[in-house]
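What follows is a set of notes on a single structure, which appears directly below.
The values are calculated or read from the model by the stated rules, or taken from the named source; none is laboratory data. Everything numeric in this text was worked out from a predicted model, so none of it was measured. We place every Cβ from the backbone using ideal geometry, glycine too, and count neighbours over all the protein chains shown. In case anyone asks, the SASA skips ligands and DNA or RNA and just uses the protein heavy atoms, side chains included. Shrake-Rupley method; radii C 1.70, N 1.55, O 1.52, S 1.80 Å.
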Amino acid sequence: MRTLSAAAGLTALTLGGTLCVSPAAHAAAPPANHCVQNLKTGKIDCFGTFTAAISDATHGRITTAPAGVPDAAQRATLDRSISRADLTADGEVIQGTFFDDRDFGGASWTVVGAGLCDGSDGVINYQTNTIDGWADRISSVQPWANCKIWLYPEPDLTGDRDGPFTQNTAWVGSMMDDRTKSVGFS
């Protein structure tokens, strides 16, 4: 008879001569708090670390992002180490990353689109409603790919917008803090 151990993730019981095997209680997987939305494919994937999310968003071109959401020093180092070629993967680019807390803290949501933004003020090149669980959560933003970020308090780019956010913004301000339901990239 084979011995199964709890260390192997299984528990064995003998009931009436029959060996029953069931999964043992084990540590929960880390929460998938770092999501990537691909506007081109419609796919949304969430990961346990910021590193894994950025690696997915860049098709493995950037693997040096910190495991947690980067602090200001890590963000500056990461910004210097990323080239425009790194942001572009298979005809897609990271257009923006949004954070649950001020100072780029908490969970993150990264949006990948089909191309660079044209950079003109007010003309929206790409847009999306917040993904499930992200309505009324955004407190800080990071634009990428020549994009300027606009935040809207209602779905489908409706309501008074705030922006453009043209650089890493540690706090979006009182008008849109924890009020965003859709975003535009220009």
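Considering only protein heavy atoms, what is the solvent-accessible area of Lys43 at a probe of 1.4 Å, reported in Å² to the nearest 10?
Answer for Lys43: close to 120 Å² accessible.
Figure the gain on full extension for Asp45 and Asp118 (residue separation times 0.36 nm, minus the Cα-Cα span) and round it to one decimal in nm. Before the final figure, lay out each step's value.
Numbers: separation 73, 0.36 × 73 = 26.28 nm, distance 2.66 nm.
Computed gain between Asp45 and Asp118 is 23.6 nm.
For His59 and Ile131, FRET efficiency with R0 = 22 Å and r from the beta-carbon atoms, rounded to 0.05? Could the numbers behind the result be given before it?
Working: r = 20 Å, r/R0 = 0.90.
So the FRET efficiency works out to roughly 0.65.
What does a probe at Ser174 reach in region 103-123, counting residues whose amide N is under 19 Å from the point 7 Å along Cα→Cβ?
Only 103 fall inside the zone, counting backbone N under 19 Å.
Counting only other residues whose beta carbon sits under 11 Å from that of Gly115, what net charge do I get with K and R as +1, D and E as -1? Could you put the intermediate results ahead of the total?
Values: positive: Lys40; negative: Glu92, Asp118.
So the environment of Gly115 carries a net charge of -1.
Is the shape of region 103-186 best called rounded, prolate or oblate, per the rule: a/c under 1.5 gives rounded, else a/b larger than b/c gives prolate, else oblate, with a ≥ b ≥ c the square roots of the Cα gyration tensor eigenvalues?
Details: a/c = 1.39, a/b = 1.25, b/c = 1.11.
Rounded is the answer for region 103-186, as its axis ratio a/c remains below 1.5.
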